[in-house]
Protein chains: 2
Amino acid sequence: MSPTPKALVLIADGTEEMEFTITYDTLVRGGIIATSAYVSTPPTSPSTSTATTVAAGGQGQVTLINPPTAKCSRGVRILPDIYFEPSGVGFGPDKYDLLVIPGGAKGAETMSNDAGVQKLVREYLDKGKYVGMICAGSLAAKTSNLPNQPLTSHPSVKAELDQSFAYSEDPVVVSGNLVTSRGPGTTFPFALTLVEMLVGPEKRKEITGPMIFPSNTPW
Amino acid sequence: MSPTPKALVLIADGTEEMEFTITYDTLVRGGIIATSAYVSTPPTSPSTSTATTVAAGGQGQVTLINPPTAKCSRGVRILPDIYFEPSGVGFGPDKYDLLVIPGGAKGAETMSNDAGVQKLVREYLDKGKYVGMICAGSLAAKTSNLPNQPLTSHPSVKAELDQSFAYSEDPVVVSGNLVTSRGPGTTFPFALTLVEMLVGPEKRKEITGPMIFPSNTPW
């Protein structure tokens, strides 16, 4: 574990914005340096210009010139910190301690089918670093050809995974350094589990208080 | 209640990105048309150009030319749907059914001190529309001079509110058409309460299932 852990949180068009945002924010609260990286489909250079026209209240429209934002599953548009390279070069386990693949059907499809992402999933685990997958993001375990092990996902993709893995319906499943989870409603315990694994249980406890979960919340 | 309810969700620099995103996303899941509006400080025209330079993986830096994104409290940058007019014109209860003020200390300060926002808070409630405030966003109840009534907030701003309101520590407090809540950890029940009030309990139940909360989650 490096002194200040670093996390790479992938994002794409169609990413579930709650799963992305809760994870990123909670990791930052945990003292982890989080970086979001936009995975495009089909792979394009970050220098490709994309103009987005948005309504400006009472003043017609303004145009966004590059860089592209991720258009998430329920319409929230998030500007990533950096742009993923199709090769995965520069995003490896030498640079980050944790790789996170959020859900949202379309975003997870983009990420799990990306050869660079698949390579990184294997490299992170081979090097003893951490990988988190949530919701449909767990499909990346299969496309990355990970060995059969305990895993969970959103129920909507269970049928694509339960032949290849020891499928669980627990909210968060820890299998060595691979952490999987189920959906927006399990993202808080997923992210807090990652904080605990990377920084320790004291940090998890420290940051949970100010987040003000109802007293009988089960995490 | 209009046939398809519309929600205006404010956002500003320093907004707590989990509170914003969970609310926006959950409202959309509830069939509500959500629009995010960026409140700037000090008020500037949306035509004011802002260049943001961001790192591009492996390729140096790229520059974002307008419109500005909201730089949220833990570093997530969100591109709003529209830009709030300092006068509040065009954002009234004739156009939207719900006004949401999320927390995050700096963002809530910007919103609660904005005269246009204050006017809208009163207008929405006067017209029988809904207002949601969460975390430090509840400060807007005081700056808008709302009458003494049940209310909650993040504990960090309790001392600014408990002389003026019937302060509660419940996760979600419903006072007529004013709904207040406490922090990131209460945003799911806050947003689901708003869905129930605007669209009905059946819709709340319908959307809760696919979000996959752990079975003993208290909402």
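The values are calculated or read from the model by the stated rules, or taken from the named source; none is laboratory data. All of these numbers come straight from a predicted model, not from anything done at the bench. Backbone-built Cβ (ideal geometry, glycine too); neighbour counts: all protein chains shown. Remember, those area values only see protein heavy atoms, side chains included, never the ligands or the DNA or RNA. Shrake-Rupley method; radii C 1.70, N 1.55, O 1.52, S 1.80 Å.
Observations, loosely collected:
- Residue match in the range A:125-137 (condition: surrounded by fewer than 17 Cβ atoms within 10 Å (Cβ to Cβ) and hydrophobic (A, V, I, L, M, F, W, C)): no
- Annotation note: of B:Ala56, B:Ala51, the sole residue that is buried (at least 19 other Cβ atoms within 10 Å of the Cβ), of a type in the set (A, V, I, L, M, F, W, C) and modelled with pLDDT under 95 is B:Ala56.
- Count of the range A:73-106 residues which are within 7 Å of chain B (Cβ to nearest Cβ) and surrounded by fewer than 22 Cβ atoms within 10 Å (Cβ to Cβ): 7
- Those residues of the range B:191-207 which are within 11 Å of another protein chain (Cβ to nearest Cβ) and either basic (Lys, Arg) or under 24 Å from B:His154 (Cβ atoms) (or both), in sequence order: B:Ala191, B:Leu192
- Filter result for A:Glu123 (away from chain B (no Cβ under 14 Å) and either out of contact with any helix residue (DSSP H, G or I) (no Cβ under 6 Å at 6 or more places or on another chain) or at pLDDT 95 or above (or both)): yes
- Looking only at the range A:145-188, and only at residues there that are open to solvent by less than 10 Å² (accessible area, probe 1.4 Å), closer than 17 Å to B:Asn216 by Cα and not β-branched (Val, Ile, Thr), the one that is farthest from the other protein chains (Cβ to nearest Cβ): A:Ser181
- Test for B:Gly128: is it of a type in the set (Gly, Ala, Ser), under 25 Å from B:Gly30 (Cβ atoms) and free of Cβ contacts under 8 Å to residues at least 40 places away in the same chain: no
- Which numbered condition A:Ile212 misses (of (1) touching a Ser or Thr at 6+ places or on another chain (Cβ under 9 Å); (2) of a type in the set (A, V, I, L, M, F, W, C); (3) on the phi < 0 side of the Ramachandran plot): (3)
- Filtering the range B:1-35 to residues that are hydroxyl-bearing (Ser, Thr, Tyr), in contact with a helix residue (DSSP H, G or I) (Cβ under 6 Å, 6 or more places away or on another chain) and more than 17 Å from B:Arg204 (Cβ to Cβ) leaves B:Thr15, B:Thr21.
- Some residue of the range B:159-166 being aromatic (Phe, Trp, Tyr) and touching a Lys or Arg at 6+ places or on another chain (Cβ under 9 Å): yes
- When B:Ser156, B:Ser164, B:Ser138 are checked against the criterion of being among the polar types (S, T, N, Q), over 21 Å from B:Asp97 (Cβ atoms) and outside any loop (DSSP other than H, G, I, E, B), a single residue qualifies: B:Ser156.
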